[in-house]
1. Using a ≥ b ≥ c from the Cα gyration tensor of the range 272-319 (square roots of the eigenvalues), is it rounded, prolate or oblate, where a/c under 1.5 gives rounded and otherwise the larger of a/b and b/c decides, a/b for prolate?
2. For a quick protection proxy, order the peptides 246-257, 289-300 by their average other-Cβ count within 10 Å, most packed first.
3. Which of the three applies to the range 221-326, rounded, prolate or oblate, going by the alpha-carbon gyration tensor with a ≥ b ≥ c and a/c under 1.5 meaning rounded?
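What follows draws every value from the coordinates through simple rules; no lab data is involved. Predicted model only: the values in this text are computed from it and were never measured. Please note: Cβ atoms are built from the backbone with ideal geometry, for glycine as well, and neighbour counts cover all protein chains shown.
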Ligand SMILES: Nc1nc2c(ncn2[C@@H]2O[C@H](COP(=O)(O)OP(=O)(O)OP(=O)(O)O)[C@@H](O)[C@H]2O)c(=O)[nH]1
Ligand SMILES: [Mg+2]
């Protein structure tokens, strides 16, 4: 057990922040830390919130945190006291634009006095394909520290987001009227993984039309009896309108999927393991087996049809000391 891991387990906010920074920087020490805390995770409920840039996700998440923390509020976990909440906002903006910092600061103000809330942005730089893992590890840190509800905000509707959202216990997809994002979301396959749809900025023209479009999409799917049909919640994040309904929808989904949650977590574990092995194998290949630039050269040869990807892959496996496959 490293001293940092111990402090994370004790719930020390500065240790949590430090641990997430290590993960963000891909510091080798972060792997050791995650190994130490892993056995103490698995208690938190993960809420993934995604949607196009500027959809109002942060405003909405902020309101949702307020709702979950309010003694009279709705929420996925209401026993005696409001649950501790952690927010990880995956920020695609350059660390130099200040967007993340500003957003953080604004939200810190709203929950600054609340010891039960931890908010953190993570930059996406340097995480080619590894973003889902970095986010997942950051969630493990919060989980180990005793955070009961973890909200992960991601921007966009691409593959990275699908990957991240896949790791959540519930996926909330936020759309806004008049942007045509739903088409893009459809293409990225994000509609299929949504458990709850939010039509935010419902104060704007076209909200009902967007609700109807999403409804029409859902109608294409025949929901079996007892199968969860994603509800569509209209919100105005700036005023808080609809946020209690969103919290209630999350609570309803949690209740509905209680039995299936283990399966979902198993899928998540399998996905993480497969990703990790694939990433490690590629890293090993590039670092220990191939000469610098050799992988790029092989890629070029595939692009110019000099070799086919199947033969190239077999060659690489063989050179890494694995059995030749076809
Ligand atoms: N009219 C209206 N404006 C909203 C609503 N929700 C958020 N906004 C505004 O939309 C802008 C973007 O809000 P954010 O919460 O930063 O959106 P976001 O999706 O987190 O943005 P990124 O993280 O940069 O992708 C802000 O100016 C908000 O005040 C809403 O329901 N109605
Ligand atoms: Mg945001």
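1. Details: a/c = 2.13, a/b = 1.59, b/c = 1.34.
Prolate is the answer for the range 272-319, as a/c is 1.5 or above and a/b outweighs b/c.
2. On the way: 246-257: 18.9, 289-300: 12.2.
Going from most to least packed, we get 246-257, 289-300.
3. Details: a/c = 3.09, a/b = 2.55, b/c = 1.21.
It comes out prolate by the Cα gyration axes.
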